[in-house]
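The values are calculated or read from the model by the stated rules, or taken from the named source; none is laboratory data. This one's a predicted model, so the numbers in the text were calculated from it and none came from an experiment. So basically every Cβ, Gly included, is an ideal-geometry build from the backbone, and we count neighbours across all protein chains shown. Remember, those area values only see protein heavy atoms, side chains included, never the ligands or the DNA or RNA. Shrake-Rupley method; radii C 1.70, N 1.55, O 1.52, S 1.80 Å.
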Amino acid sequence: MTENHAAPTREIGVIMNGVTGRMGYRQHLVRSILAIRDQGGILLPDGSRLTVRPLLVGRNENTLAELAERHGIEDWTTDLDAALADPRWEIYADFLVTKARATALRKAVAAGKTIYTEKPTAGTLEEALELAALAAEAGVKTGVVHDKLYLPGLQKLRRLIDSGFFGRILSVRGEFGYWVFEGDWQPAQRPSWNYRAEDGGGIIVDMFPHWNYVLENLFGEVRSVYAQAAVHIADRWDEAGAHYTATAEDAAYGIFELEGGVVAQINSSWTVRVNRDELVEFHVDGTHGSAVVGLFGAKIQHRNATPKPVWNPDLADGHDYDADWADVPTNDVFQNGFRQQWEEFLLSYVEGTDYAYDLLAGARGVQLAEAGLRSSREGRKLDLPALSLS
């Protein structure tokens, strides 16, 4: 008689700090960690499985208890120090507001926990580098969320780049943003702290770390930046309906020079009404072809299908330029990008492999944000030196 031995399952305890916030709850808890747990974990090449057990951490007992009951989670606490001291919890995951992140990450490093964190990793480049160095010295594995690289549109873009479709890439133009209501006659769809510099707000701090990892992983490292920040709407109303004056920029217009001579221009705005297919779009031009990609869609135009426009302001141009573009087919099955990166990080953790999107990568994002703010203040282009921990 042959015995039937079930494949073993390894359970990893994950401290999840900040899951009461929108991003921490929706993307990291529900759509990533709980999705992995509820589907029986990750199947490994040897037939075993890797699953997760979350520990919710926050300040409000009632909120944590309600979340835990809603999702069948056994463990929650308001005592971060006790959680970090408990060996059952191997990974510390941080989704706090930026101002609170560095303090918590230092504690996690001191406790020897593996770290997975949102960005920006700190409020200043000095602090971000300090955290990266502390983790390296302690031998702590770290990962920083690079979620936009996992968007279906950007994965299609990566496939185009890797295939050589563009020839030599010349330039990248990005448009990101939408209208965030002021909060008086319609509630704002972003938290009010986003518009207060003293609370860590501002679209440069929020978005330039994203643009850094998108640019460096698809086109080349950022060598310089010129940015113009603006507070277009100063009068806003908070969650309680109280008026406040915005002190952080709600729009930023950046020009980035990349290694290899590629020039990128990216507009980021919470004061723009959308007239494009998606809330973010990147237009990439190369010698052999061009592409326009968004969150999900991607369309291309090869040089053999490029029309030959002639500028004539005296005659209306009846050419349908949109018809000259072809959709890139969705040949792959794309899962939630946050979950996909979580799975990759968990596999890297258990297998002991190097992980590229670490705290040093996160520091480069902080470097670009800090340089962008300084560029706007000083009205000049700034070079970005290469970062290292030595």
Some residue of the range 1-19 being aliphatic (A, V, I, L, M), within 28 Å of Leu359 (Cα to Cα) and open to solvent by 40 Å² or more (accessible area, probe 1.4 Å) = no
So which residues in the range 177-190 are more than 17 Å from Ala234 (Cβ to Cβ) and under 19 Å from the mean Cα position of the chain (by Cα)?
-> Gly177, Tyr178, Gln189
How many of the residues making up the range 263-280 are in a strand (DSSP E or B), open to solvent by 40 Å² or more (accessible area, probe 1.4 Å) and not aliphatic (A, V, I, L, M)?
-> 2
Filtered residues of the range 113-140 (kept if out of contact with any Leu (no Cβ under 9 Å at 6 or more places or on another chain), closer than 17 Å to Arg88 by Cα and not in a strand (DSSP E or B)) | none
Can you name the condition, by its number, that Glu118 falls short on among (1) out of contact with any strand residue (DSSP E or B) (no Cβ under 6 Å at 6 or more places or on another chain); (2) charged (D, E, K, R); (3) surrounded by fewer than 23 Cβ atoms within 10 Å (Cβ to Cβ)?
-> (3)
Can you spot a residue in the range 134-144 that is open to solvent by less than 30 Å² (accessible area, probe 1.4 Å), within 27 Å of Leu29 (Cβ to Cβ) and more than 16 Å from the chain's Cα centre (by Cα)?
-> yes
Determine the pairs where a residue that is more than 27 Å from Leu157 (Cβ to Cβ) and in contact (Cβ under 8 Å) with a residue 24 or more places away in the chain, located within the range 169-197, has a partner that is of a type in the set (Asp, Glu) and in a loop (DSSP other than H, G, I, E, B) with Cβ atoms under 7 Å apart, the partner being 6 or more residues away or on another chain.
-> Gly183/Asp238; Ala188/Glu182; Ser192/Asp238; Ser192/Glu239; Tyr195/Asp250
Are any residues in the range 299-358 assigned to a loop (DSSP other than H, G, I, E, B) and of a type in the set (A, V, I, L, M), and if so, which ones?
-> Val310, Leu315, Ala316, Val328, Val333, Ala356
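Of all residues in the range 235-252, which are surrounded by fewer than 24 Cβ atoms within 10 Å (Cβ to Cβ), under 21 Å from the mean Cα position of the chain (by Cα) and part of a strand (DSSP E or B)? Explain how you work it out, then say what you get.
Restricting attention to the range 235-252, the residues satisfying the condition of being surrounded by fewer than 24 Cβ atoms within 10 Å (Cβ to Cβ) are 235-248, 251.
Now narrow it down to the ones that are under 21 Å from the mean Cα position of the chain (by Cα): 248, 251.
Selection gives Ala251 alone.
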Out of (1) under 23 Å from Leu347 (Cα atoms); (2) aliphatic (A, V, I, L, M); (3) in contact with a strand residue (DSSP E or B) (Cβ under 7 Å, 6 or more places away or on another chain), what's the single condition that is false for Leu67?
-> (1)
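Name the residue that is surrounded by the fewest Cβ atoms within 10 Å (Cβ to Cβ), counting only residues in the range 282-298 that are part of a strand (DSSP E or B) and of a type outside the set (A, V, I, L, M, F, W, C). Steps first, answer last, please.
Taking the range 282-298 first, the residues part of a strand (DSSP E or B) are 282-286, 289-293, 298.
So of that shortlist, the ones also of a type outside the set (A, V, I, L, M, F, W, C) come out as 283, 285-286, 289-290.
Working: His283: 14, Asp285: 16, Gly286: 19, Gly289: 20, Ser290: 22.
Across the range 282-298, the extreme among qualifying residues is His283.
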Consider only pairs whose beta carbons are under 6 Å apart and that are at least six residues apart or on different chains; among these, list those whose first residue lies in the range 50-75 and is in a helix (DSSP H, G or I) and whose second residue is at pLDDT 95 or above and open to solvent by 70 Å² or more (accessible area, probe 1.4 Å).
-> Leu64/Trp76; Ala68/Trp76
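Looking only at residues that are in contact (Cβ under 8 Å) with a residue 24 or more places away in the chain and open to solvent by 70 Å² or more (accessible area, probe 1.4 Å) in the range 304-332, which one is farthest from Leu149 (Cα to Cα)? So that I can check it myself, show each step before the final result.
Step one: filter the range 304-332 for residues in contact (Cβ under 8 Å) with a residue 24 or more places away in the chain, giving 325-328, 330, 332.
Right, trim to open to solvent by 70 Å² or more (accessible area, probe 1.4 Å) and you get 327, 330, 332.
Numbers: Asp327: 20, Thr330: 16, Asp332: 15 Å.
Within the range 304-332, the match that is farthest from Leu149 (Cα to Cα) is Asp327.
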Listed residues Gly47, Gly41, Gly24; which is at positive phi, touching a residue at least 12 places away in the same chain (Cβ under 8 Å) and surrounded by 19 or more Cβ atoms within 10 Å (Cβ to Cβ)?
-> Gly41
Residues of the range 335-354 being open to solvent by 10 Å² or more (accessible area, probe 1.4 Å) and in contact with a Phe, Trp or Tyr (Cβ under 6 Å, 6 or more places away or on another chain), which ones?
-> Gly337, Gln340
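Take the residues in the range 211-234 that are among the polar types (S, T, N, Q) and either open to solvent by 30 Å² or more (accessible area, probe 1.4 Å) or part of a helix (DSSP H, G or I) (or both), then tell me which one is farthest from Pro152 (Cα to Cα). Let's see the steps before the verdict.
Applying the first criterion (among the polar types (S, T, N, Q)) to the range 211-234 yields 212, 217, 224, 228.
Subset that is either open to solvent by 30 Å² or more (accessible area, probe 1.4 Å) or part of a helix (DSSP H, G or I) (or both): 212, 217, 228.
Values: Asn212: 19, Asn217: 15, Gln228: 30 Å.
Only one residue tops the list, namely Gln228.
Tell me which residues, restricted to the range 76-85, are surrounded by fewer than 22 Cβ atoms within 10 Å (Cβ to Cβ) and touching a residue at least 40 places away in the same chain (Cβ under 8 Å). Before you say what the answer is, go through the steps one by one.
From the range 76-85, those surrounded by fewer than 22 Cβ atoms within 10 Å (Cβ to Cβ) are 76-82, 84-85; that's our starting set.
Once the filter is applied, which keeps residues that are surrounded by fewer than 22 Cβ atoms within 10 Å (Cβ to Cβ) and touching a residue at least 40 places away in the same chain (Cβ under 8 Å), the range 76-85 yields Leu80, Leu84.
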